[in-house]
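No lab work stands behind these numbers, since they all come straight from the coordinates. These numbers come from a predicted model, not from an experiment. With ideal geometry, Cβ positions are generated from the backbone for all residues, glycine too; neighbour counts draw on all protein chains shown.
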Amino acid sequence: MEKIAVYNGTFDPVTNGHLDIIERAAKIFDKLYVTICVHPTKVGLFTIDERLELLKQATAHLDHVIVDSTNQLAVEYVRSVGAHVLIRGLRSTNDFDYELSYAQSNQYLDKNVEIMYLMTKPSHSFISSSVVKEMASYQKSLSGLVPECVELALKDKFAR
């Protein structure tokens, strides 16, 4: 039986912290869907199509990772692709409070979907998409924080 999981997020933009979770989850599962969740009230710096392209470039070295987007609830999407596991990353205790509520609400919606947490490596614990965007807006170096394709895309966005 094929082991399938979903790692979802906004990925606006994808960071090396996200990529670390993706690479580690890809070692555990036969197929990993990395899925951008489209939230109707959130406006991102990058369009969904731009985020999809950046994720595809950043994960091109992982042959069983599928990059996708959805406007479904996470558990609905998990079911739709035949998965039973939702992957989440934890950076700090601050993330834990949000993630506990997230897990409990998803378990309420579908008790058959397991939520698996992977701890971020200490070297990535301060990296967030928000921090990266703020640094990029001031033309600061993003070396080691994001894949090269993202760094170039951010430079281009903020050069306008």
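So if I place +1 on the C-beta of Lys and Arg and -1 on the C-beta of Asp and Glu, and nothing else carries charge, what would the dipole magnitude of segment 61-160 be about its Cα centre? I want it in debye, nearest 20. Walk me through the intermediate numbers first.
Working: 10 positive and 12 negative charges, 60 e Å.
That gives a dipole near 280 debye.
Amide H neighbours of residue 34 under 5 Å, at least 5 residues apart or on other chains, H built in the peptide plane: list them.
7, 66, 67, 68
Tell me which residues come under 5 Å, amide H to amide H, from residue 119 once H is placed; ignore anything under 5 positions away on its chain.
Result for residue 119 returns 90.
Of 124, 64, 84, how do they rank once you tally other Cβ atoms within 10 Å and put the fewest first?
Least crowded to most crowded, the residues run 64, 84, 124.
Can you work out the Karplus-derived ³J(HN,Hα) for every residue in segment 114-126? Use 6.51 cos²θ - 1.76 cosθ + 1.60 with θ = phi - 60°, whole Hz, and x for glycine or proline.
With the stated coefficients, segment 114-126 comes to 8, 10, 10, 9, 10, 6, 5, 4, x, 5, 10, 5, 9 Hz.
Using only the alpha carbons of segment 67-160, determine the length spanned along each of the three principal axes and report them from longest to shortest in whole angstroms.
45, 28, 17
Please compute P(r) over all alpha-carbon pairs of segment 4-159, binned at 10 Å starting from zero, and give each bin as a whole-number percent.
Result returned by the calculation: 11, 40, 38, 10, 1.
Select from 109, 94, 19 the residue farthest towards the positive end of the dipole of the chain; place +1 on Cβ of Lys and Arg, -1 on Cβ of Asp and Glu, and compute about the Cα centre.
94
Which whole-number percent gives the relative contact order of the chain, counting Cα pairs below 8 Å spaced six or more residues apart?
Rounded, it is 29 percent for the chain.
What number, in nm² with one decimal, is the all-direction average of the projected area of the convex hull of the alpha-carbon atoms of segment 68-121?
On the way: hull surface 16.2 nm².
Mean orientational projected area (segment 68-121, Cα hull): 4.1 nm².
How large is ³J(HN,Hα) for each residue in segment 67-81, as worked out from phi by the Karplus curve 6.51 cos²θ - 1.76 cosθ + 1.60 (θ = phi - 60°), to whole Hz, x for Gly and Pro?
These are the phi-based 3J(HN,Hα) values: 9, 8, 9, 8, 10, 7, 5, 3, 5, 5, 5, 3, 4, 5, 9 Hz.
Apply the Karplus curve 6.51 cos²θ - 1.76 cosθ + 1.60, θ = phi - 60°, to the phi angles in segment 144-160 and return the couplings in whole Hz, x for Gly and Pro.
So the Karplus estimates, Gly and Pro as x, are x, 9, 9, x, 4, 4, 6, 4, 5, 5, 5, 4, 5, 4, 8, 7, 6 Hz.
To the nearest Å, what is the center-to-center distance of segment 1-58 and segment 94-114, using C-alpha atoms only?
18 Å
List the GluC sites (Glu not before Pro) within segment 1-68 that DSSP assigns to loop and that have no more than 11 neighbouring Cβ atoms inside 10 Å.
Working: sites: 2, 23, 50, 53; in loops: 2.
Hits after loop and neighbour filter: 2.
For the pairs 31/56; 3/27; 133/157; 3/31; 121/157; 42/133, note any where the Cα-Cα span goes beyond 18 Å.
Details: 31/56 15 Å; 3/27 11 Å; 133/157 10 Å; 3/31 7 Å; 121/157 28 Å; 42/133 15 Å.
Too far apart for the 18 Å limit: 121/157.
Please give the helix 48-58 orientation as an angle from the longest Cα principal axis of the chain, in degrees from 0 to 90, rounded to the nearest 10.
90 degrees
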